[in-house]
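The structure appears right after this line, and notes come after that.
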Amino acid sequence: MDSIHSSSAHRTSSLLMLLASTHQGERLSLAELCSGLGNRSFGLLLLLFALPNCIPLGIPGLSTLTGIPLALITVQLLLAYPAPVLPGWLSRRSLSNRDFQRLCRTTCPWLARIERLTRPRWLALTCRQAERWLGLLSLILAVVLILPIPFGNVPPAWALVLLALAMIERDGLLLLLGIALSAASLFWVYGLLWAMVESALYMFNHWWQS
């Protein structure tokens, strides 16, 4: 991740706001978005696709739209790809410019607050070997985002944001916080699934006995 960090002349939140304010056209494709943010590799793409799920925006199918590329990227991270690769059918997917601007206005202030606390530290935790295990954890979180679980998207999305920022900034402490939030969010989703199953069984038994 050295090349990513050295090429980051600006914070990611600043680049997102700049792209939102300067992009021309009604829609913004994933290919345009990635090229506009520069060469920040896996961490940037994880952040890019996790952010829309951090705060409910009321965009239909958003978690699936972002969860599928997240799963693809995390598999590549797990398999130690040198750089992420987006297939053509995915890179051509687009978001309306209005929705992208709304997304940036909503999430970038929070992202900037987190960025002010980050710096390179505990670098052994962000080395290339550790990124493969990070890819496995991120893949699990990405699959959770794809699943239609009510109230289950926001905690895993914020966990992915912390993991992505830890990769970009090479911040081992932030990585540990991201892992802790990942574990908490997975327990939260497990609890939601258990409650859904229990409710379904109760309704079925009630119907069967009536």
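Sub-8 Å Cβ pairs linking a first residue in region 14-38 that is farther than 22 Å from PRO69 by Cα to a second residue that is at pLDDT 75 or above and open to solvent by 50 Å² or more (accessible area, probe 1.4 Å), at least 6 apart or interchain, are SER21/GLN101, ordered by first then second residue. Of all the residues that make up region 115-131, how many are at pLDDT 80 or above and assigned to a helix (DSSP H, G or I)? Going through region 115-131 one residue at a time, the tally reaches 1.
Annotation: LEU193 fulfils all but one of (1) among the hydrophobic types (A, V, I, L, M, F, W, C); (2) farther than 26 Å from LEU79 by Cβ; (3) within 19 Å of the chain's Cα centre (by Cα); the unmet one is (3). Kindly indicate whether ASN97 is surrounded by 14 or more Cβ atoms within 10 Å (Cβ to Cβ), of a type outside the set (Gly, Ala, Ser) and in contact with a His (Cβ under 7 Å, 6 or more places away or on another chain). Spelling it out, ASN97 is indeed surrounded by 14 or more Cβ atoms within 10 Å (Cβ to Cβ), of a type outside the set (Gly, Ala, Ser) and in contact with a His (Cβ under 7 Å, 6 or more places away or on another chain). The residue list LEU72, LEU141, LEU90, LEU163 contains one member that is open to solvent by 20 Å² or more (accessible area, probe 1.4 Å) and either outside any helix (DSSP H, G or I) or touching a residue at least 12 places away in the same chain (Cβ under 8 Å) (or both), which is LEU72.
Would you be able to tell me the number of residues in region 166-192 that are out of contact with any Gly (no Cβ under 8 Å at 6 or more places or on another chain) and open to solvent by less than 70 Å² (accessible area, probe 1.4 Å)?
Of the residues in region 166-192, 16 are out of contact with any Gly (no Cβ under 8 Å at 6 or more places or on another chain) and open to solvent by less than 70 Å² (accessible area, probe 1.4 Å).
Checked against (1) out of contact with any Ser or Thr (no Cβ under 7 Å at 6 or more places or on another chain); (2) closer than 30 Å to VAL197 by Cα; (3) open to solvent by less than 40 Å² (accessible area, probe 1.4 Å); (4) touching a residue at least 60 places away in the same chain (Cβ under 8 Å), ILE149 passes all but condition (4).
Before we move on, is GLY172 of a type in the set (Gly, Ala, Ser), closer than 22 Å to LEU78 by Cβ and within 16 Å of the chain's Cα centre (by Cα)? No. Across region 75-87, the number of residues qualifying as assigned to a helix (DSSP H, G or I) and of a type outside the set (S, T, N, Q) comes to 3. Taken over region 7-58, the criterion of being at pLDDT below 75, open to solvent by 40 Å² or more (accessible area, probe 1.4 Å) and under 16 Å from ARG102 (Cα atoms) is satisfied by ILE55, PRO56, GLY58.
The values are calculated or read from the model by the stated rules, or taken from the named source; none is laboratory data. Please read all numbers here as calculations on a predicted model, not as lab measurements. Methodologically, a virtual Cβ is constructed for each residue, glycine included, from the backbone with ideal geometry; neighbour enumeration extends over all protein chains shown. Only protein heavy atoms, including side chains, enter the accessible area calculation; ligands, DNA and RNA are left aside. Shrake-Rupley method; radii C 1.70, N 1.55, O 1.52, S 1.80 Å.
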